[in-house]
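Remarks on the structure that follows.
The values are calculated or read from the model by the stated rules, or taken from the named source; none is laboratory data. Computed from a prediction, not measured in an experiment: that's the story for all the values here. Because the Cβ atoms are built from the backbone with ideal geometry, glycine has one as well, and the counts that use them run over all protein chains shown. Only protein heavy atoms, including side chains, enter the accessible area calculation; ligands, DNA and RNA are left aside. Shrake-Rupley method; radii C 1.70, N 1.55, O 1.52, S 1.80 Å.
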Amino acid sequence: MKRLLFILMCMGLVSMASAEVVEVYDNTGDSYGNTQGFRIDFDASTSSANVDWTPDLVDGQEYSLDSLTLKADSGNVTATGVYLGVYTGYDAGTGTWSGFLGVSDQANDWGTPTVDTELEYTFSGINVTVDSAVGSGSGLLYFMYQYGTEARTTYEITRATCKWNFGMNDTFANVIGDGGVIVSDRAPEYAAQLTAVPEPATMALLGLGGLLLRRKR
């Protein structure tokens, strides 16, 4: 009975690593215009009324980035498939991207979609550690629209997305404008799915639970 309770406790710890859905949709359908990309600050702060983390993200917790869905605008005329590259750094002064983590699992055809067309990107092996440093820190990721899967230091294409423009001056999400500047009061509409990465101690408990179950058999 004790062994069973211990295993159930381990299963409970695993359930804590469920998907976190971060939604920032306002459904305005307004276009922002062409941008190099955007940045998202996966931040634990909850003081801003402009942030809708569902549920709240945890300071210091590592998450895997599972998927990111964007709303396209009809201003995209190039039909070539576009990947989303993920970077940890961007210098607005020089327009230089750095800290390449990888790209999306697939390239989406933006083409000339109707307003509010949802384009989903999935990712493998890309993690982010949430913090509470607004506009900086380990929770800040930069996303570049790119044709290939290799690292870039400068952007090569721009895309048009729908905008969320209700006072995003707290820099939880911004677009990176065609001129290289980070536009703090505009952000693309997006929904991100994250999964909490179990801590080593949790993994050890799971291993021990599995060992006990095997011995019982």
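Suppose we filter GLY148, GLY125 for residues that are open to solvent by less than 40 Å² (accessible area, probe 1.4 Å) and part of a loop (DSSP other than H, G, I, E, B); which single one remains?
Exactly one of GLY148, GLY125 is open to solvent by less than 40 Å² (accessible area, probe 1.4 Å) and part of a loop (DSSP other than H, G, I, E, B), namely GLY148.
Please verify whether GLY207 is surrounded by fewer than 16 Cβ atoms within 10 Å (Cβ to Cβ) and at pLDDT 55 or above, treating the condition exactly as stated.
no
Yes/no matrix, rows are residues, columns are (1) within 26 Å of ALA19 (Cα to Cα); (2) of a type in the set (A, V, I, L, M); (3) in contact with a helix residue (DSSP H, G or I) (Cβ under 8 Å, 6 or more places away or on another chain):
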residue: LEU101; (1), (2), (3): yes, yes, no
residue: ASP131; (1), (2), (3): yes, no, no
residue: GLN146; (1), (2), (3): no, no, no
residue: THR153; (1), (2), (3): no, no, no
residue: GLY179; (1), (2), (3): no, no, no
residue: VAL183; (1), (2), (3): no, yes, no
residue: ALA187; (1), (2), (3): yes, yes, no
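Starting from residues that are within 16 Å of SER132 (Cβ to Cβ) and open to solvent by less than 60 Å² (accessible area, probe 1.4 Å), keep the ones in segment 51-81 and report whichever is farthest from the chain's Cα centre (by Cα).
GLY60
Can you pull out every residue in segment 117-137 that is of a type in the set (A, V, I, L, M) and in contact with a Ser or Thr (Cβ under 6 Å, 6 or more places away or on another chain)?
Listed by number, the list holds a single entry, VAL134.
Please verify whether segment 129-137 includes one or more residues that are open to solvent by 20 Å² or more (accessible area, probe 1.4 Å), outside any loop (DSSP other than H, G, I, E, B) and in contact (Cβ under 8 Å) with a residue 60 or more places away in the chain.
yes
Taking only segment 185-204 into account, find how many residues are among the hydroxyl-bearing types (Ser, Thr, Tyr) and either surrounded by fewer than 19 Cβ atoms within 10 Å (Cβ to Cβ) or at pLDDT below 50 (or both).
Total satisfying the criteria: 2.
Tell me, which strands (runs of 3 or more DSSP E) wholly within segment 1-110 include 3 or more residues that are at pLDDT below 95 and touching a Ser or Thr at 6+ places or on another chain (Cβ under 8 Å)?
Where strands (runs of 3 or more DSSP E) fall fully within segment 1-110 and carry at least 3 residues being at pLDDT below 95 and touching a Ser or Thr at 6+ places or on another chain (Cβ under 8 Å), they are 19-24, 31-41, 62-72.
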